[in-house]
Amino acid sequence: MWIQVPWILLLLLFFLEGITCMGTGFKALGKPFAMQLMSATSNPIVALMIGVLATSIIQSSSTTTSIVVGMVASGTLSVPLAIPIVMGANIGTTITNLLVALGSIGRKEEFRRCFAAATVHDYFNLAAVGILLPLELTTGYLRHLSGWAAGLLGAQGAQAHKIHGPVELLLKPPAKALVHGLEGIGLSAQVSGILAAVVGILLVAFALIYLVKSLRKVMLTKLEGFFSTFIGRNWVQAMIVGLVVTVLVQSSSITTSLLVPMAGAGLLTLEQVYPVTLGANVGTTVTALLASLAAPAGLQIALVHLFFNISGILILFPIPPVRRATLWLARSFAAFAAEKKRWAIFYVLIVFFGVPGLLLFLEELLS
């Protein structure tokens, strides 16, 4: 049985490298566009859509947030407008999970479980934005709280820096080398980004097919025992696992995307996936907090991200009927999408590109 462990580790490496290639490719393709988007509005609702669209394009809420930090620090973007962009980034980052889930679209039951594990993240973030954005617009709750906390911490300086985690240091160089190699043979940055993203999608699809089979075959009993001990019994422990793993790998997308094939293989239930996902949501803000301690404006935006996620958890998770409603939505739509697979694709296109793109077009038209 254990002779297959090296094969599983290799598949896991392919899977993570595929996610990294997707992110690097989309980043090369969309980062300049994202920066242009963010400087083009004074409407908080449109700013929210910009956060969703920009993060969906570049596949990284950390990149979107770092762009926002730089723009706030330079005076290009105000803190009140930066806050809905950060909220939108929280929604947009979940597209990576959905793309991973779509890799199993040809296998009905596995896809149903994968898609539920991916969309539970969406529904939490959408509900959190639906509650906290109106609260922010009417009271300035996050702006005042983050400003007070930033002042309490007494950050000094003017330049934020990025901290690189061990997984990023391992996976980023091959992805960047691929993009630079494609550019080196005369392809444009946009074409190179598209090709790198395609390579990433193919790697994820290949790894996902065999990873799910191998996990189910080799590790079912042992992983069930591990997650029963550390996740299944206590949702606080589950959140801590999500937070710690995300801090270690420096990416919530990697943490939550790993949950998708494990759910597809039947190793995790949706009730186990949900709190780990919420812990990852908090964990992804830790790096930004550490990195922004040198920049007062950057620290405030990092704190906005932290307080937004913590507030969402406190509102939506502890109350059993509210928690069950989120799980029910994820399960119900996943069951529907497993029967009508085109709606899974429509969901991704409409939520992450169609609605934000339409609102941006209307704003441009009206202005």
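The values are calculated or read from the model by the stated rules, or taken from the named source; none is laboratory data. The structure displayed is predicted, hence computed values, not measured ones. So basically every Cβ, Gly included, is an ideal-geometry build from the backbone, and we count neighbours across all protein chains shown.
Return yes or no: is Leu268 modelled with pLDDT under 90 and surrounded by fewer than 17 Cβ atoms within 10 Å (Cβ to Cβ)?
Against the criterion (modelled with pLDDT under 90 and surrounded by fewer than 17 Cβ atoms within 10 Å (Cβ to Cβ)), Leu268 does not qualify.
One line per residue, one yes/no per condition, for (1) at pLDDT 90 or above; (2) of a type in the set (A, V, I, L, M); (3) in contact with a Ser or Thr (Cβ under 9 Å, 6 or more places away or on another chain):
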{"residue": "Leu299", "(1), (2), (3)": "no, yes, yes"}
{"residue": "Leu303", "(1), (2), (3)": "no, yes, yes"}
{"residue": "Val322", "(1), (2), (3)": "yes, yes, no"}
{"residue": "Thr326", "(1), (2), (3)": "yes, no, no"}
{"residue": "Ala335", "(1), (2), (3)": "yes, yes, no"}
{"residue": "Phe346", "(1), (2), (3)": "yes, no, no"}
{"residue": "Leu349", "(1), (2), (3)": "yes, yes, no"}
{"residue": "Leu362", "(1), (2), (3)": "no, yes, no"}
{"residue": "Leu366", "(1), (2), (3)": "no, yes, no"}
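Listed here are the residues, each with its yes/no results for (1) farther than 24 Å from Ile319 by Cα; (2) at pLDDT 75 or above; (3) hydrophobic (A, V, I, L, M, F, W, C); (4) buried (at least 24 other Cβ atoms within 10 Å of the Cβ).
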| position | (1), (2), (3), (4) |
| --- | --- |
| Leu220 | yes, no, yes, no |
| Thr229 | no, no, no, no |
| Gly232 | no, no, no, no |
| Ser251 | yes, no, no, yes |
| Ser257 | yes, yes, no, yes |
| Val273 | no, yes, yes, yes |
| Gly283 | no, yes, no, yes |
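So for segment 343-352 (the condition being over 20 Å from the mean Cα position of the chain (by Cα) and closer than 18 Å to Ala117 by Cα), does at least one residue qualify? Taking every residue of segment 343-352 in turn, at least one turns out to be over 20 Å from the mean Cα position of the chain (by Cα) and closer than 18 Å to Ala117 by Cα. Restricting attention to segment 73-89, the residues that are surrounded by 24 or more Cβ atoms within 10 Å (Cβ to Cβ) and either within 23 Å of Gly18 (Cβ to Cβ) or free of Cβ contacts under 8 Å to residues at least 12 places away in the same chain (or both) add up to 1. Only a single criterion out of (1) at pLDDT below 90; (2) assigned to a helix (DSSP H, G or I); (3) touching a helix residue (DSSP H, G or I) at 6+ places or on another chain (Cβ under 7 Å); (4) not β-branched (Val, Ile, Thr) is not satisfied by Ala158, namely (2).
Would you mind listing the helices (runs of 4 or more DSSP H) fully within segment 2-114 where at least 3 residues are modelled with pLDDT of 85 or more?
Fully inside segment 2-114 and qualifying: 44-58, 79-92, 95-102.
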